[in-house]
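A.B. asks: One structure coming up, written as C-alpha cells, with questions to follow.
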Amino acid sequence: MGSKRNGIVTGYARMWPREIFDAKTGKTLLARKIEFLKQSGVYILYRDEHPYYIGKSGESLFKRLRGHAINPQKRYYNFWNLFSAFAVPDRNGRDELEGILIAAMPTVNSAKPKLTKMKFPPEVSKLVKSLRASKIGPALQKSVPRNAR
C-alpha cells in the first residue's frame, strides 16, 4: 500500500462496519482478505458515529479488531458497530497517534496520553467562567419561583 506523503500513517480506513469480522466470502472471513488490516496501527471503535474507544495493535489490526468483534468476554464487545483504522508501522508513531486521539476525543479510555497537556491561560479561564455565567444566569432566574425573588 503506497503512501501519498511521508508521515507516520501509511493508510487509513474510515467508518467501516464491524460486520466485516462476521461476513464470509466463500469459506474465508471477509476481513481476513483485506491486506490493509494485516498491518499494525491505531484504531477507533465507534458506537454509531460517536468515538467509543481508541486502541493500538503492534501485530495486526485484524487480530486486535477481530478480538473486540467476536469475543463476548472482551470489555468493549457490546459497545461498538463501526471502526476506523490507521496503518502505522513505527511503534513510536503508534504510541504518539494513539495519545493524540485519546487526548482529542471523549472516549471510555482510561489511559492517559503521554503528551504535555497545556493548561488554560488565565485569560481563557476568565472567558470560560464568563461564558458559563452568561448561560447559567438566565436558567437560574427561570428556576426560582416568582414569589422567592
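A.B. asks: Just to be sure I understand the filter: pairs with C-beta atoms under 8 Å, separated by 6 or more residues or on different chains, first member in the range 107-123 and free of Cβ contacts under 8 Å to residues at least 24 places away in the same chain and loosely packed, with under 10 Cβ neighbours inside 10 Å, second member outside any loop (DSSP other than H, G, I, E, B) and not acidic (D, E). Which pairs pass?
C.D. replies: Correct list of pairs: K117/A103.
A.B. asks: Sticking with this one: Of the conditions (1) free of Cβ contacts under 8 Å to residues at least 60 places away in the same chain; (2) in a helix (DSSP H, G or I); (3) within 18 Å of M15 (Cβ to Cβ), L97 satisfies every one except a single condition; which number is it?
C.D. replies: Checking L97 against (1) free of Cβ contacts under 8 Å to residues at least 60 places away in the same chain; (2) in a helix (DSSP H, G or I); (3) within 18 Å of M15 (Cβ to Cβ), the one that fails is (1).
A.B. asks: Another question, then. Take the range 8-38 and flag every residue that is assigned to a loop (DSSP other than H, G, I, E, B), more than 17 Å from G58 (Cα to Cα) and in contact (Cβ under 8 Å) with a residue 40 or more places away in the chain.
C.D. replies: Result: D22, single match.
A.B. asks: Hey, any hits in the range 76-94 for a residue that's part of a loop (DSSP other than H, G, I, E, B), in contact (Cβ under 8 Å) with a residue 60 or more places away in the chain and within 14 Å of the chain's Cα centre (by Cα)? Reasoning before the result, please.
C.D. replies: First, the residues of the range 76-94 that are part of a loop (DSSP other than H, G, I, E, B): 76, 80-81, 88-90.
Checking the rest, the ones that are also in contact (Cβ under 8 Å) with a residue 60 or more places away in the chain come to 80-81, 88-90.
Keeping just the survivors that are within 14 Å of the chain's Cα centre (by Cα) gives 80-81.
Yes, that holds for at least one residue.
A.B. asks: Then there's this: Restricting attention to the range 66-89, which residues are out of contact with any helix residue (DSSP H, G or I) (no Cβ under 9 Å at 6 or more places or on another chain), under 20 Å from D48 (Cβ atoms) and not hydrophobic (A, V, I, L, M, F, W, C)?
C.D. replies: Of everything in the range 66-89, those that are out of contact with any helix residue (DSSP H, G or I) (no Cβ under 9 Å at 6 or more places or on another chain), under 20 Å from D48 (Cβ atoms) and not hydrophobic (A, V, I, L, M, F, W, C) turn out to be N78, S84.
A.B. asks: Among (1) part of a loop (DSSP other than H, G, I, E, B); (2) at pLDDT below 85, which single condition is N147 missing?
C.D. replies: That leaves (1) as the condition not met.
A.B. asks: When you scan the range 41-52, do you find a residue that is at pLDDT 95 or above, under 22 Å from T10 (Cβ atoms) and in a helix (DSSP H, G or I), even just one?
C.D. replies: no
The values are calculated or read from the model by the stated rules, or taken from the named source; none is laboratory data. As the structure is a prediction and not an experimental result, all values here were calculated from the model. Neighbour counts run over all protein chains shown; Cβ positions are idealised from the backbone, glycine included.
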